[in-house]
1. May I ask you to list the residues in the stretch 139-172 that are at pLDDT 95 or above, more than 15 Å from the chain's Cα centre (by Cα) and part of a helix (DSSP H, G or I)?
2. Considering only the stretch 94-102, I want to know if a residue exists there that is modelled with pLDDT of 95 or more and not hydrophobic (A, V, I, L, M, F, W, C).
3. Select from the stretch 18-34 the residues that are without any contact (Cβ under 8 Å) to a residue 24 or more places away in the chain and either surrounded by 14 or more Cβ atoms within 10 Å (Cβ to Cβ) or in contact with a Ser or Thr (Cβ under 9 Å, 6 or more places away or on another chain) (or both) and list them in ascending order.
4. Any idea which residue in the stretch 74-87 is modelled with the highest pLDDT, counting only those that are surrounded by fewer than 11 Cβ atoms within 10 Å (Cβ to Cβ), farther than 23 Å from Gly151 by Cβ and not aromatic (Phe, Trp, Tyr)?
5. Return the total of residues in the stretch 66-120 being among the aromatic types (Phe, Trp, Tyr) and either touching a Pro at 6+ places or on another chain (Cβ under 9 Å) or closer than 17 Å to Asp47 by Cβ (or both).
6. List pairs: first residue in the stretch 58-77 and in a helix (DSSP H, G or I), second residue open to solvent by 20 Å² or more (accessible area, probe 1.4 Å) and acidic (Asp, Glu) anywhere in the structure, Cβ distance under 9 angstrom, at least six positions apart or on different chains.
7. Return yes when Thr71 is at pLDDT 90 or above, touching a helix residue (DSSP H, G or I) at 6+ places or on another chain (Cβ under 8 Å), surrounded by fewer than 17 Cβ atoms within 10 Å (Cβ to Cβ) and among the polar types (S, T, N, Q) and no when it is not.
8. One residue is enough: does the stretch 100-118 have a residue meeting the conditions closer than 23 Å to Lys140 by Cα, surrounded by 19 or more Cβ atoms within 10 Å (Cβ to Cβ) and of a type in the set (D, E, K, R)?
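The values are calculated or read from the model by the stated rules, or taken from the named source; none is laboratory data. Quick caveat, the model's predicted, so the values are computed rather than measured. Ideal geometry is used to build each Cβ from the backbone, glycine not excepted, and the neighbour counts take in all protein chains shown. With ligands, DNA and RNA removed, areas are computed over all heavy atoms of the protein, side chains included. Shrake-Rupley method; radii C 1.70, N 1.55, O 1.52, S 1.80 Å.
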Amino acid sequence: MHNLYYQDQNCSLTLTQGIEEYRNYLISIERKVMEDEEGSSLITDHDATHVIFGLDTSLEQESLLDTWVVTGCSWKFSYILGYGKLPEIKKLYNALYNELGLLGILKLYWHLLPRKWKVFRRTRRMKKKWLFNFPKSLLKLKISDIRSEYGINILSEEERCLSVTIDWSGIY
């Protein structure tokens, strides 16, 4: 498990610095850092959700991020659908399904239900929803200030950890 500075509720990094830390973490675990296409901010928008909600890319935390995004963000279905259509994401989804199978994915969700419920309750207490396609002026603000403005209370390290991990190769 990696402890990333943006996973501290009171992180003083700017959102830009947090995204940079997130992307450096991806490099350190030998994952591809995806780049936005010309005129798009979809990848940056997605990476920012990892930072704002304090999550890494483990299967468990990716699943928790889904709950944060669906219930704690304001988004357009067509925009989010665009993320799932990216070739790298399609390859990732196929690799996960081929390696874990439906039973493995269901097992992951079953073990995460209590934490997903905790995330859902926290999204209900937010002052306002995070805009998935957020104003890029927020990149200059401190993560702690953004969390305070939106009423985001991220999961602690203990709350993020799952006692039963779902292993997969990470190859796609």
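1. Across the stretch 139-172, the qualifying residues are Leu139, Lys140, Ser144, Asp145, Ile146, Ser148, Glu149, Tyr150.
2. Scanning the stretch 94-102 turns up no residue that is modelled with pLDDT of 95 or more and not hydrophobic (A, V, I, L, M, F, W, C).
3. Of everything in the stretch 18-34, just one residue is without any contact (Cβ under 8 Å) to a residue 24 or more places away in the chain and either surrounded by 14 or more Cβ atoms within 10 Å (Cβ to Cβ) or in contact with a Ser or Thr (Cβ under 9 Å, 6 or more places away or on another chain) (or both), namely Glu20.
4. Ser78
5. 4
6. Leu59/Asp167
7. yes
8. no
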